[in-house]
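Trainee: If you scroll down you'll find the structure; I have some questions about it.
The values are calculated or read from the model by the stated rules, or taken from the named source; none is laboratory data. Computed from a predicted structure; not experimentally measured. Here Cβ is always computed from backbone atoms with ideal geometry, including for glycine, and neighbour counts include all displayed protein chains.
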Amino acid sequence: MANKFHHLETMDILLTLHTGSLLTPSDPNSPPPSSGVSLKLSNPVQGACKAITSNLLGYNPLPYRAMKKMTERTLRIESDGYSGELVRMCVLPMFLCLLPLMVHSTPDFFECDYQTLIGDDANLCSNDLHVIYHDVGDVSCKYVPNCYDYLQSLSKVWGPPLIKYNNAQLGAKYTLIMVDPDAPSRSDPKYKFWRHWLVTDIPGGELLHGHAITGNTLSAYRRPTPPPSTGYHRYQVLLYMQTPGSSPYPLSDEQSVGSWNMDAFLEQSNLSAPVVTTQFMARNIKQ
């Protein structure tokens, strides 16, 4: 029996399912569906499909949350004689079906380009420190890509990232600083350092496992909001190990987040060189 599928969303990526167990006949007397069924994916899974496939091709890192969404995503399909059934897909079979079709059928397949920082911009990077945002994943030592509303979400939606430090010591306490040295622009950084986040007394176990930070927040997280037409801004994440028994305090005469004297704070708090650093770069969508 030939099955004609009604596509719920318009998209130019076809998925072929090679199992008859994914459909439930609306009529018990209906014959089982054919083993090869083509349908179109709904728009909500388009980003995850691209992320998964491009990662396995070696072009960019697979965001963890994109993969997680893919495993949890359901697709509704319909056919003549069969009721709509919610079908749960797993990542590997879906990739095997999508790979040849996406490469040849999707003109904007590589629109989401996860570029890694190079040159001097990479000097602050470390493989041991990870900055993990909702949806996009680890942005450490990367440009936040201009696709799937990532830049807009970074500035208007996402809360503080998860911070994971592979070499964090259990029992130790850490201070986390996140600043923008390019305020208002890299060519004219008269407001450096713009303070985006300052947390002290962070337990090493939270950093080791990438859990939400619960230390002493001295400066609440402020989303990166680079002004229009100022190019890419560097967002630097610096992690310091505190001296046992000490707890840094903010300078009493500093309230503004702009033009923050970070060196003075570090000196007063008896914090020397950071144990690990990284940065990522982002820009305003209006350039």
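Trainee: Could you run through the range 147-168 and say how many residues are touching a strand residue (DSSP E or B) at 6+ places or on another chain (Cβ under 9 Å) and surrounded by 15 or more Cβ atoms within 10 Å (Cβ to Cβ)?
Mentor: 13
Trainee: Here's something else I'd like to know. Starting from the range 222-240, keep only residues that are assigned to a loop (DSSP other than H, G, I, E, B), then list their pairs with residues that are surrounded by fewer than 18 Cβ atoms within 10 Å (Cβ to Cβ) and among the hydroxyl-bearing types (Ser, Thr, Tyr) whose Cβ atoms are within a distance under 8 Å, requiring at least 6 positions of separation or different chains.
Mentor: Taking only residues 6 or more apart or on different chains, the pairs are Arg223/Ser155; Pro224/Ser155; Thr225/Ser155; Pro226/Ser155; Pro227/Ser185; Thr230/Ser185; Gly231/Ser185; Gly231/Ser187.
Trainee: Of all residues in the range 204-227, which are farther than 15 Å from Gln242 by Cα, surrounded by 16 or more Cβ atoms within 10 Å (Cβ to Cβ) and small (Gly, Ala, Ser)?
Mentor: If the condition is that a residue be farther than 15 Å from Gln242 by Cα, surrounded by 16 or more Cβ atoms within 10 Å (Cβ to Cβ) and small (Gly, Ala, Ser), then Gly210, Ser219 are the ones that fit.
Trainee: Right, Cys112: outside the structural domain of Tyr232 (by TED's automatic domain parsing), in contact with a Cys (Cβ under 7 Å, 6 or more places away or on another chain) and in contact (Cβ under 8 Å) with a residue 12 or more places away in the chain or not? First the steps, then the outcome.
Mentor: Values: outside the structural domain of Tyr232 (by TED's automatic domain parsing): yes; in contact with a Cys (Cβ under 7 Å, 6 or more places away or on another chain): yes; in contact (Cβ under 8 Å) with a residue 12 or more places away in the chain: yes.
Here the answer is yes, as Cys112 does meet what is asked.
Trainee: Is it the case that the range 254-262 has a residue that's within 18 Å of Gly215 (Cα to Cα) and assigned to a loop (DSSP other than H, G, I, E, B)?
Mentor: Checking the range 254-262: not a single residue is within 18 Å of Gly215 (Cα to Cα) and assigned to a loop (DSSP other than H, G, I, E, B).
Trainee: Gln236: among the polar types (S, T, N, Q) and either over 26 Å from Ser155 (Cβ atoms) or outside the structural domain of Ile177 (by TED's automatic domain parsing) (or both), yes or no?
Mentor: Numbers: among the polar types (S, T, N, Q): yes; either over 26 Å from Ser155 (Cβ atoms) or outside the structural domain of Ile177 (by TED's automatic domain parsing) (or both): no.
For Gln236, the condition - among the polar types (S, T, N, Q) and either over 26 Å from Ser155 (Cβ atoms) or outside the structural domain of Ile177 (by TED's automatic domain parsing) (or both) - is not met.
Trainee: What about Leu207, is it in the same structural domain as Phe265 (by TED's automatic domain parsing), farther than 21 Å from Ser229 by Cα and either of a type outside the set (D, E, K, R) or assigned to a strand (DSSP E or B) (or both)?
Mentor: Numbers: in the same structural domain as Phe265 (by TED's automatic domain parsing): yes; farther than 21 Å from Ser229 by Cα: yes; either of a type outside the set (D, E, K, R) or assigned to a strand (DSSP E or B) (or both): yes.
Taking the combined requirement at face value, the residue satisfies it.
Trainee: Could you tell me whether Ser219 is modelled with pLDDT of 95 or more and among the polar types (S, T, N, Q)?
Mentor: No; evaluated as a whole, the condition is false for this residue.
Trainee: List every residue pair whose Cβ atoms lie under 7 Å apart, where the two residues are 6 or more positions apart in sequence or sit on different chains, the first residue falls within the range 116-135 and is in contact (Cβ under 8 Å) with a residue 12 or more places away in the chain, and the second residue, located anywhere, is among the polar types (S, T, N, Q) and assigned to a loop (DSSP other than H, G, I, E, B).
Mentor: Here the result reads Cys125/Ser140; Asp128/Asn166; Asp128/Asn167; Leu129/Ser140; His130/Ser140; Val131/Ser140, each pair linking the range 116-135 to a residue that is among the polar types (S, T, N, Q) and assigned to a loop (DSSP other than H, G, I, E, B).
Trainee: Among Thr200, Thr278, which is the only one that is under 25 Å from Asp120 (Cα atoms), within 26 Å of the chain's Cα centre (by Cα), polar (S, T, N, Q) and crowded, with 20+ Cβ neighbours inside 10 Å?
Mentor: Working: Thr200 fails: under 25 Å from Asp120 (Cα atoms).
Matching residue, one of Thr200, Thr278: Thr278.
Trainee: Also: Go through the residues of the range 263-275 one by one and say whether even a single one is touching a Cys at 6+ places or on another chain (Cβ under 8 Å) and assigned by TED's automatic domain parsing to the domain that holds Pro160. Steps first, answer last, please.
Mentor: At the first step, the residues of the range 263-275 found to be touching a Cys at 6+ places or on another chain (Cβ under 8 Å) are none.
The answer is no, given that none of the residues of the range 263-275 is touching a Cys at 6+ places or on another chain (Cβ under 8 Å) and assigned by TED's automatic domain parsing to the domain that holds Pro160.
Trainee: Condition first: touching a helix residue (DSSP H, G or I) at 6+ places or on another chain (Cβ under 8 Å), within 22 Å of Asn166 (Cα to Cα) and of a type in the set (Val, Ile, Thr). Now tell me which residues in the range 204-241 satisfy that.
Mentor: Result: Ile213, Thr214.
Trainee: Sticking with this structure for a sec: Quick check on the range 133-167: of everything there that is at positive phi and acidic (Asp, Glu), which residue is nearest to the chain's Cα centre (by Cα)?
Mentor: Taking the candidates together, the pick is Asp135.
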